Amino acid sequence: MSQRSEMVTLVSEDGKELDVNKEAIKLSGVISGLLEQVDSNEDDSEKPRIPIPGVKGHILEKIINYCNYHYENQGTDNHEFIDDEDIDSWDLNLIMDIEQEKENGHEDILDVAIAADYLNIPKLFNICARHLARKIRTYDAEQIIKYFYLPEKEETVTTN
């Protein structure tokens, strides 16, 4: 069990330091690779610190929650699912909680999706992407632009 208690510190773009179980965060292909490099370069007495540029602290917290839950409940299986039946209720609740936290919660879902893609967490990326796709399925171009706040695209659509 000593492996489970090993911790690593992730440092977000905005300087927030978050401790996470080393094995849980290995659900990220990118961080797993970085940990292999860090483990071979550092002595065992120091807790590894890994900067995560481009990911804000509150988004990194959501990713850590996801990784902790899936590690504790399903191990390190991070397969990409095929259909909606493979999305477990905890994942659906996570997405709904993120969306309802603030008025433009879909922006955080988009940020989580971008971070999950960057960190190579395919299942989390797919969950976010599917949720956003369901939301905009019936939207026209203008509604999509407003939903994702794409001002540079708004000019193109409104002038054509």
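The values are calculated or read from the model by the stated rules, or taken from the named source; none is laboratory data. Given the structure is predicted, the values throughout are model-derived calculations rather than measurements. Neighbour counts are summed over all protein chains in view; Cβ atoms, including those assigned to glycine, are modelled from backbone coordinates with ideal geometry.
Structure summary
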{"quantity": "Breaking point among (1) in a helix (DSSP H, G or I); (2) at pLDDT 90 or above, for H106", "calculated": "(2)"}
{"quantity": "Residue that is modelled with the highest pLDDT [pool: residues in the range 37-53 that are assigned to a helix (DSSP H, G or I) and surrounded by 11 or more Cβ atoms within 10 Å (Cβ to Cβ)]", "calculated": "Q37"}
{"quantity": "Any chance K123 is within 29 Å of P53 (Cα to Cα), among the basic types (K, R) and at pLDDT below 90", "calculated": "no"}
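Yes/no matrix, rows are residues, columns are (1) assigned to a helix (DSSP H, G or I); (2) touching a Gly at 6+ places or on another chain (Cβ under 7 Å); (3) modelled with pLDDT of 95 or more:
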| site | (1), (2), (3) |
| --- | --- |
| N65 | yes, no, yes |
| I82 | no, no, no |
| W90 | yes, no, no |
| E99 | yes, yes, no |
| A129 | yes, no, no |
| Q143 | yes, no, no |
